[in-house]
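The values are calculated or read from the model by the stated rules, or taken from the named source; none is laboratory data. Remember, predicted model here, so these are calculated numbers, not experimental data. With ideal geometry, Cβ positions are generated from the backbone for all residues, glycine too; neighbour counts draw on all protein chains shown.
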Amino acid sequence: MPRLETHIGDLTLKNPVIAAPAEHMIADGGLKAAIKAGAGAVVMKSTNESLPAKAQLRAAEYVALDSRWRPVPWGPDADPSTMILSRSGLHPLGFEAWLDQCISHYRIARDHDCLLIPSVILADLDHALDMALQVQQAGLPVLEFNIGTPYAREAAKGAVSTETAANRVAELTRAMTERLDIPVWVKLTGQSSDVPQLARAAADAGGQAAIVAGRLLGMLPDLDTQEPMLGTSGGFGGFWNLPLTCHWLALCRATLNGKADLIGINGVTGGHDVARAMLAGASAAGLASAVMLRGFDVIRESVETLDTYCKDKGMAANDLIGRAADARKAFADMPELDDHWKQFVPRESL
Ligand SMILES: Cc1cc2nc3c(=O)[nH]c(=O)nc-3n(C[C@H](O)[C@H](O)[C@H](O)COP(=O)(O)O)c2cc1C
(Lines give C-alpha, C1' and ligand atoms only; values in the text may rest on other atoms or scores of the structure.)
Protein backbone atom coordinates (compact mmCIF):
# COMPACT_ATOMS: atom_id res chain seq x y z
CA MET A 1 0.00 0.00 0.00
CA PRO A 2 1.42 3.41 -0.88
CA ARG A 3 2.70 5.12 2.24
CA LEU A 4 0.25 8.03 2.31
CA GLU A 5 -2.97 6.34 1.19
CA THR A 6 -5.91 6.84 3.53
CA HIS A 7 -9.55 5.77 3.70
CA ILE A 8 -12.59 7.85 4.51
CA GLY A 9 -15.72 5.74 4.65
CA ASP A 10 -16.08 4.03 1.26
CA LEU A 11 -13.50 6.24 -0.41
CA THR A 12 -9.74 6.03 -0.70
CA LEU A 13 -7.52 9.11 -1.02
CA LYS A 14 -3.98 8.91 -2.37
CA ASN A 15 -2.91 11.03 0.59
CA PRO A 16 -4.63 12.71 3.55
CA VAL A 17 -3.93 16.32 2.54
CA ILE A 18 -7.23 17.96 1.65
CA ALA A 19 -7.37 21.38 0.01
CA ALA A 20 -10.28 22.80 2.01
CA PRO A 21 -12.59 25.43 0.58
CA ALA A 22 -12.18 29.18 0.77
CA GLU A 23 -11.89 31.88 -1.87
CA HIS A 24 -8.93 30.25 -3.63
CA MET A 25 -11.31 27.39 -4.54
CA ILE A 26 -13.75 29.60 -6.48
CA ALA A 27 -12.04 29.96 -9.86
CA ASP A 28 -10.91 27.15 -12.16
CA GLY A 29 -7.27 28.19 -11.72
CA GLY A 30 -7.32 27.53 -7.98
CA LEU A 31 -8.98 24.15 -8.33
CA LYS A 32 -6.47 23.06 -10.97
CA ALA A 33 -3.54 24.38 -8.95
CA ALA A 34 -4.66 22.44 -5.85
CA ILE A 35 -5.10 19.27 -7.90
CA LYS A 36 -1.71 19.68 -9.56
CA ALA A 37 -0.04 20.45 -6.23
CA GLY A 38 -0.84 16.87 -5.25
CA ALA A 39 -3.76 17.16 -2.82
CA GLY A 40 -5.49 13.89 -2.00
CA ALA A 41 -8.81 15.74 -2.26
CA VAL A 42 -9.92 19.22 -3.22
CA VAL A 43 -13.13 20.73 -1.89
CA MET A 44 -14.90 23.22 -4.15
CA LYS A 45 -16.00 26.54 -2.70
CA SER A 46 -19.45 25.87 -1.23
CA THR A 47 -22.77 26.78 -2.73
CA ASN A 48 -26.36 27.11 -1.68
CA GLU A 49 -29.52 28.74 -3.05
CA SER A 50 -29.42 31.85 -0.84
CA LEU A 51 -28.86 35.13 -2.71
CA PRO A 52 -27.82 36.93 0.51
CA ALA A 53 -25.16 34.23 1.00
CA LYS A 54 -23.78 35.04 -2.47
CA ALA A 55 -24.07 38.78 -1.82
CA GLN A 56 -21.97 38.25 1.28
CA LEU A 57 -19.01 37.26 -0.93
CA ARG A 58 -19.21 40.67 -2.61
CA ALA A 59 -18.90 42.31 0.81
CA ALA A 60 -16.29 39.87 2.12
CA GLU A 61 -13.10 41.20 3.74
CA TYR A 62 -9.94 39.60 5.03
CA VAL A 63 -7.08 40.69 7.23
CA ALA A 64 -3.87 38.86 8.12
CA LEU A 65 -2.71 39.70 11.66
CA ASP A 66 0.51 39.28 13.58
CA SER A 67 0.67 38.22 17.22
CA ARG A 68 0.23 41.84 18.33
CA TRP A 69 -2.95 42.12 16.25
CA ARG A 70 -1.32 44.32 13.62
CA PRO A 71 -2.32 43.81 9.97
CA VAL A 72 0.50 42.29 7.92
CA PRO A 73 0.89 41.88 4.15
CA TRP A 74 -0.97 38.95 2.58
CA GLY A 75 1.27 36.39 0.89
CA PRO A 76 3.77 33.57 1.21
CA ASP A 77 6.22 35.62 3.27
CA ALA A 78 3.80 36.05 6.18
CA ASP A 79 5.22 34.75 9.46
CA PRO A 80 4.02 31.23 10.46
CA SER A 81 2.20 32.80 13.42
CA THR A 82 -0.03 34.89 11.13
CA MET A 83 -3.74 34.68 11.93
CA ILE A 84 -6.71 35.52 9.74
CA LEU A 85 -9.89 37.40 10.52
CA SER A 86 -12.42 37.29 7.70
CA ARG A 87 -15.97 37.53 6.57
CA SER A 88 -16.83 35.36 3.62
CA GLY A 89 -19.76 34.45 1.37
CA LEU A 90 -20.63 31.65 -1.00
CA HIS A 91 -19.65 30.70 -4.55
CA PRO A 92 -20.68 33.46 -6.95
CA LEU A 93 -21.94 31.14 -9.72
CA GLY A 94 -25.55 29.95 -9.94
CA PHE A 95 -26.09 26.31 -9.01
CA GLU A 96 -26.02 24.90 -12.55
CA ALA A 97 -22.80 26.66 -13.47
CA TRP A 98 -21.31 25.61 -10.11
CA LEU A 99 -22.27 21.99 -10.82
CA ASP A 100 -20.72 22.21 -14.31
CA GLN A 101 -17.52 23.44 -12.70
CA CYS A 102 -17.65 20.52 -10.25
CA ILE A 103 -18.11 18.00 -13.04
CA SER A 104 -15.32 19.32 -15.24
CA HIS A 105 -12.90 19.55 -12.32
CA TYR A 106 -13.93 16.16 -10.97
CA ARG A 107 -12.64 14.72 -14.26
CA ILE A 108 -9.40 16.69 -14.09
CA ALA A 109 -8.93 15.62 -10.48
CA ARG A 110 -9.59 11.97 -11.34
CA ASP A 111 -6.77 12.10 -13.92
CA HIS A 112 -4.47 13.09 -11.04
CA ASP A 113 -5.86 10.43 -8.68
CA CYS A 114 -7.40 13.26 -6.66
CA LEU A 115 -10.98 13.50 -5.40
CA LEU A 116 -12.96 16.64 -6.20
CA ILE A 117 -15.55 17.18 -3.48
CA PRO A 118 -18.65 19.33 -3.94
CA SER A 119 -19.73 21.23 -0.85
CA VAL A 120 -23.24 22.42 -0.06
CA ILE A 121 -23.90 24.71 2.89
CA LEU A 122 -27.31 24.40 4.49
CA ALA A 123 -29.76 27.28 4.08
CA ASP A 124 -33.15 25.66 3.37
CA LEU A 125 -33.22 21.87 3.73
CA ASP A 126 -35.43 21.14 0.71
CA HIS A 127 -33.14 23.19 -1.49
CA ALA A 128 -30.09 21.44 -0.02
CA LEU A 129 -31.62 18.03 -0.72
CA ASP A 130 -32.46 19.02 -4.26
CA MET A 131 -28.91 20.26 -4.90
CA ALA A 132 -27.46 17.12 -3.30
CA LEU A 133 -29.52 14.88 -5.58
CA GLN A 134 -28.31 16.80 -8.60
CA VAL A 135 -24.74 16.37 -7.39
CA GLN A 136 -25.32 12.64 -7.17
CA GLN A 137 -27.06 12.46 -10.56
CA ALA A 138 -24.07 14.24 -12.10
CA GLY A 139 -21.92 11.28 -11.06
CA LEU A 140 -19.98 12.92 -8.26
CA PRO A 141 -19.03 10.28 -5.69
CA VAL A 142 -19.35 12.21 -2.41
CA LEU A 143 -21.01 15.27 -0.89
CA GLU A 144 -19.71 17.53 1.82
CA PHE A 145 -22.66 18.92 3.74
CA ASN A 146 -21.63 21.96 5.78
CA ILE A 147 -24.02 22.67 8.62
CA GLY A 148 -21.44 24.39 10.78
CA THR A 149 -20.35 27.68 9.20
CA PRO A 150 -19.20 30.23 11.76
CA TYR A 151 -21.56 32.93 10.56
CA ALA A 152 -25.25 32.05 10.97
CA ARG A 153 -25.74 34.59 13.74
CA GLU A 154 -23.96 37.37 11.85
CA ALA A 155 -25.20 36.74 8.29
CA ALA A 156 -28.59 37.50 6.74
CA LYS A 157 -31.27 35.30 8.31
CA GLY A 158 -31.28 31.82 6.79
CA ALA A 159 -28.26 32.40 4.52
CA VAL A 160 -26.03 29.80 6.19
CA SER A 161 -26.26 27.49 9.22
CA THR A 162 -24.42 26.97 12.48
CA GLU A 163 -26.09 23.88 13.90
CA THR A 164 -25.19 23.38 17.55
CA ALA A 165 -27.86 20.90 18.68
CA ALA A 166 -27.23 17.17 18.26
CA ASN A 167 -30.86 16.45 17.37
CA ARG A 168 -30.73 18.98 14.53
CA VAL A 169 -27.46 17.50 13.26
CA ALA A 170 -29.09 14.05 13.32
CA GLU A 171 -32.24 15.24 11.57
CA LEU A 172 -30.37 17.10 8.82
CA THR A 173 -27.82 14.35 8.24
CA ARG A 174 -30.53 11.68 8.16
CA ALA A 175 -32.50 13.71 5.61
CA MET A 176 -29.41 13.69 3.37
CA THR A 177 -28.31 10.10 3.86
CA GLU A 178 -31.83 8.74 3.34
CA ARG A 179 -32.03 10.42 -0.07
CA LEU A 180 -28.47 9.88 -1.29
CA ASP A 181 -26.58 6.73 -2.20
CA ILE A 182 -23.24 8.53 -2.27
CA PRO A 183 -21.32 9.12 0.98
CA VAL A 184 -22.12 12.26 2.96
CA TRP A 185 -19.38 14.01 4.91
CA VAL A 186 -20.80 16.39 7.52
CA LYS A 187 -18.86 19.55 8.36
CA LEU A 188 -19.57 20.48 11.98
CA THR A 189 -19.24 23.67 13.94
CA GLY A 190 -16.57 24.13 16.58
CA GLN A 191 -18.87 26.65 18.30
CA SER A 192 -20.15 23.98 20.64
CA SER A 193 -19.34 22.75 24.11
CA ASP A 194 -19.83 19.19 22.86
CA VAL A 195 -18.50 18.57 19.36
CA PRO A 196 -18.34 14.77 19.97
CA GLN A 197 -22.12 14.69 20.49
CA LEU A 198 -22.54 16.43 17.16
CA ALA A 199 -20.16 13.98 15.49
CA ARG A 200 -22.03 11.04 17.00
CA ALA A 201 -25.34 12.44 15.80
CA ALA A 202 -23.92 12.75 12.27
CA ALA A 203 -22.47 9.22 12.38
CA ASP A 204 -25.62 7.64 13.80
CA ALA A 205 -27.60 9.32 11.03
CA GLY A 206 -25.39 7.73 8.38
CA GLY A 207 -22.71 10.34 7.75
CA GLN A 208 -19.53 8.55 6.69
CA ALA A 209 -17.26 11.30 7.96
CA ALA A 210 -17.43 14.16 10.42
CA ILE A 211 -15.30 17.19 9.61
CA VAL A 212 -14.16 18.62 12.93
CA ALA A 213 -14.46 21.48 13.53
CA GLY A 214 -15.44 24.81 11.96
CA ARG A 215 -13.89 28.12 12.94
CA LEU A 216 -14.85 30.29 15.87
CA LEU A 217 -16.05 33.89 15.67
CA GLY A 218 -13.96 36.78 16.85
CA MET A 219 -14.18 40.55 17.07
CA LEU A 220 -11.04 42.65 17.16
CA PRO A 221 -11.33 46.30 18.23
CA ASP A 222 -9.04 48.61 16.28
CA LEU A 223 -7.25 50.99 18.66
CA ASP A 224 -7.09 53.84 16.11
CA THR A 225 -10.67 53.83 14.87
CA GLN A 226 -12.10 52.26 18.04
CA GLU A 227 -14.32 50.21 15.76
CA PRO A 228 -14.23 46.49 15.04
CA MET A 229 -11.58 45.58 12.49
CA LEU A 230 -13.41 44.86 9.19
CA GLY A 231 -16.52 46.45 10.80
CA THR A 232 -18.05 43.20 12.05
CA SER A 233 -17.29 40.04 13.96
CA GLY A 234 -15.71 37.48 11.69
CA GLY A 235 -14.40 33.97 11.38
CA PHE A 236 -11.07 33.86 13.20
CA GLY A 237 -8.39 31.24 12.75
CA GLY A 238 -4.72 30.44 12.73
CA PHE A 239 -2.02 27.98 13.74
CA TRP A 240 -3.07 28.23 17.41
CA ASN A 241 -6.29 26.41 16.63
CA LEU A 242 -4.51 23.11 15.98
CA PRO A 243 -4.50 21.83 19.60
CA LEU A 244 -8.19 22.71 19.95
CA THR A 245 -8.90 20.73 16.79
CA CYS A 246 -6.79 17.81 18.02
CA HIS A 247 -8.61 17.81 21.36
CA TRP A 248 -11.98 17.58 19.60
CA LEU A 249 -10.66 14.90 17.28
CA ALA A 250 -9.47 12.79 20.22
CA LEU A 251 -12.81 13.10 21.99
CA CYS A 252 -14.72 12.40 18.77
CA ARG A 253 -12.62 9.32 18.12
CA ALA A 254 -13.48 7.94 21.56
CA THR A 255 -17.17 8.75 21.10
CA LEU A 256 -17.50 7.42 17.55
CA ASN A 257 -15.57 4.23 18.21
CA GLY A 258 -15.06 3.62 14.49
CA LYS A 259 -18.65 4.37 13.47
CA ALA A 260 -17.51 7.12 11.09
CA ASP A 261 -14.20 8.60 10.04
CA LEU A 262 -12.89 11.97 11.08
CA ILE A 263 -11.39 14.76 9.02
CA GLY A 264 -9.44 17.37 10.96
CA ILE A 265 -9.85 21.03 10.08
CA ASN A 266 -8.93 24.36 11.65
CA GLY A 267 -5.37 25.40 12.31
CA VAL A 268 -3.64 22.85 10.10
CA THR A 269 -0.83 24.72 8.35
CA GLY A 270 1.47 22.05 6.92
CA GLY A 271 2.46 18.39 6.72
CA HIS A 272 3.49 18.06 10.36
CA ASP A 273 0.09 19.43 11.40
CA VAL A 274 -1.60 16.87 9.14
CA ALA A 275 0.38 14.22 11.05
CA ARG A 276 -0.72 15.76 14.35
CA ALA A 277 -4.38 15.74 13.27
CA MET A 278 -4.03 12.09 12.26
CA LEU A 279 -2.36 11.16 15.54
CA ALA A 280 -5.38 12.80 17.21
CA GLY A 281 -7.77 10.59 15.25
CA ALA A 282 -8.30 12.10 11.82
CA SER A 283 -8.06 10.00 8.66
CA ALA A 284 -7.25 13.16 6.70
CA ALA A 285 -6.91 16.88 7.33
CA GLY A 286 -7.95 20.03 5.51
CA LEU A 287 -5.97 23.21 4.97
CA ALA A 288 -7.80 26.36 3.89
CA SER A 289 -6.35 29.62 5.28
CA ALA A 290 -2.72 28.55 4.97
CA VAL A 291 -3.19 27.92 1.24
CA MET A 292 -5.30 31.03 0.64
CA LEU A 293 -2.62 33.10 2.41
CA ARG A 294 0.55 31.50 1.04
CA GLY A 295 -0.38 29.72 -2.19
CA PHE A 296 -0.58 26.17 -3.49
CA ASP A 297 3.01 25.25 -2.68
CA VAL A 298 1.68 24.75 0.86
CA ILE A 299 -0.16 21.66 -0.44
CA ARG A 300 2.89 20.32 -2.27
CA GLU A 301 5.11 20.90 0.79
CA SER A 302 2.52 19.38 3.15
CA VAL A 303 2.42 16.15 1.15
CA GLU A 304 6.23 16.02 1.00
CA THR A 305 6.66 16.80 4.70
CA LEU A 306 4.12 14.17 5.72
CA ASP A 307 5.77 11.62 3.47
CA THR A 308 9.19 12.33 4.99
CA TYR A 309 7.74 12.13 8.50
CA CYS A 310 6.12 8.76 7.80
CA LYS A 311 9.26 7.46 6.11
CA ASP A 312 11.45 8.53 9.03
CA LYS A 313 9.07 6.83 11.46
CA GLY A 314 8.87 3.72 9.27
CA MET A 315 5.09 4.02 9.24
CA ALA A 316 2.27 4.41 6.76
CA ALA A 317 0.03 7.46 7.24
CA ASN A 318 -2.82 5.11 8.10
CA ASP A 319 -0.87 3.84 11.11
CA LEU A 320 -0.78 7.33 12.61
CA ILE A 321 -4.54 7.52 13.03
CA GLY A 322 -5.49 7.92 16.67
CA ARG A 323 -2.15 6.95 18.25
CA ALA A 324 -1.94 10.09 20.40
CA ALA A 325 -5.68 10.04 21.06
CA ASP A 326 -5.48 6.49 22.37
CA ALA A 327 -2.47 7.35 24.54
CA ARG A 328 -4.33 10.28 26.11
CA LYS A 329 -4.77 9.84 29.86
CA ALA A 330 -7.11 11.37 32.42
CA PHE A 331 -5.60 13.87 34.88
CA ALA A 332 -6.17 11.36 37.68
CA ASP A 333 -3.94 8.82 35.93
CA MET A 334 -0.89 11.06 36.07
CA PRO A 335 1.80 10.58 38.73
CA GLU A 336 2.29 13.14 41.49
CA LEU A 337 5.43 15.26 41.06
CA ASP A 338 7.64 16.91 43.62
CA ASP A 339 6.66 20.62 43.82
CA HIS A 340 6.91 20.72 40.06
CA TRP A 341 4.56 23.71 39.86
CA LYS A 342 7.14 25.89 41.65
CA GLN A 343 9.28 26.00 38.50
CA PHE A 344 6.51 27.77 36.63
CA VAL A 345 5.72 30.83 38.75
CA PRO A 346 7.59 34.12 39.19
CA ARG A 347 10.22 33.84 41.94
CA GLU A 348 8.37 36.30 44.21
CA SER A 349 5.36 34.04 44.37
CA LEU A 350 7.39 31.48 46.31
C1 LIG B 1 -12.16 33.13 3.62
C2 LIG B 1 -12.71 31.78 3.95
C3 LIG B 1 -13.72 31.23 3.18
C4 LIG B 1 -14.23 29.97 3.47
N5 LIG B 1 -15.21 29.44 2.69
C6 LIG B 1 -15.70 28.19 2.97
C7 LIG B 1 -16.67 27.59 2.15
O8 LIG B 1 -17.11 28.12 1.14
N9 LIG B 1 -17.13 26.36 2.52
C10 LIG B 1 -16.68 25.70 3.60
O11 LIG B 1 -17.12 24.59 3.88
N12 LIG B 1 -15.73 26.25 4.40
C13 LIG B 1 -15.24 27.47 4.10
N14 LIG B 1 -14.26 28.02 4.89
C15 LIG B 1 -13.79 27.27 6.06
C16 LIG B 1 -12.52 26.50 5.75
O17 LIG B 1 -12.76 25.49 4.79
C18 LIG B 1 -11.96 25.85 7.04
O19 LIG B 1 -12.96 25.01 7.59
C20 LIG B 1 -11.57 26.86 8.11
O21 LIG B 1 -11.01 28.03 7.55
C22 LIG B 1 -10.60 26.28 9.12
O23 LIG B 1 -9.48 25.73 8.49
P24 LIG B 1 -8.09 26.54 8.28
O25 LIG B 1 -7.53 26.81 9.63
O26 LIG B 1 -7.26 25.63 7.45
O27 LIG B 1 -8.45 27.79 7.55
C28 LIG B 1 -13.73 29.26 4.58
C29 LIG B 1 -12.69 29.81 5.34
C30 LIG B 1 -12.18 31.04 5.04
C31 LIG B 1 -11.05 31.59 5.86
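At a glance:
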| read-out | value |
| --- | --- |
| Condition met for ASP297 (away from the ligand (no atom under 11 Å from the Cβ), out of contact with any Gly (no Cβ under 9 Å at 6 or more places or on another chain) and among the acidic types (Asp, Glu)) | yes |
| Residue match in segment 136-148 (condition: in contact (Cβ under 8 Å) with a residue 12 or more places away in the chain, more than 19 Å from ALA20 (Cα to Cα) and not in a helix (DSSP H, G or I)) | yes |
| Scope segment 85-97; condition surrounded by 23 or more Cβ atoms within 10 Å (Cβ to Cβ) and over 12 Å from SER46 (Cβ atoms); matching residues | LEU85 |
| Strands (runs of 3 or more DSSP E) contained in segment 202-257 and holding at least 1 residues more than 16 Å from ILE321 (Cα to Cα) and of a type in the set (Phe, Trp, Tyr) | 234-238 |
| Residues of segment 54-72 satisfying the condition of being within 13 Å of the ligand (Cβ to nearest atom) and not in a strand (DSSP E or B) | LYS54, GLN56, LEU57, ALA59, ALA60 |
| Restricting segment 30-53 to residues that are part of a helix (DSSP H, G or I) and within 14 Å of the ligand (Cβ to nearest atom), the residue that is farthest from LYS14 (Cα to Cα) | ALA53 |
| Residue that is closer than 21 Å to THR177 by Cα and either under 13 Å from the mean Cα position of the chain (by Cα) or at pLDDT 95 or above (or both), where the choices are GLN226, GLN197 | GLN197 |
| Subset of segment 261-287 (residues that are assigned to a loop (DSSP other than H, G, I, E, B) and under 20 Å from THR82 (Cβ atoms)) | ASN266, GLY267, VAL268, THR269, GLY270 |
| Unique residue being in a loop (DSSP other than H, G, I, E, B), acidic (Asp, Glu) and more than 12 Å from the ligand (Cβ to nearest atom) when the list is ASP79, ASP126, ASP130 | ASP79 |
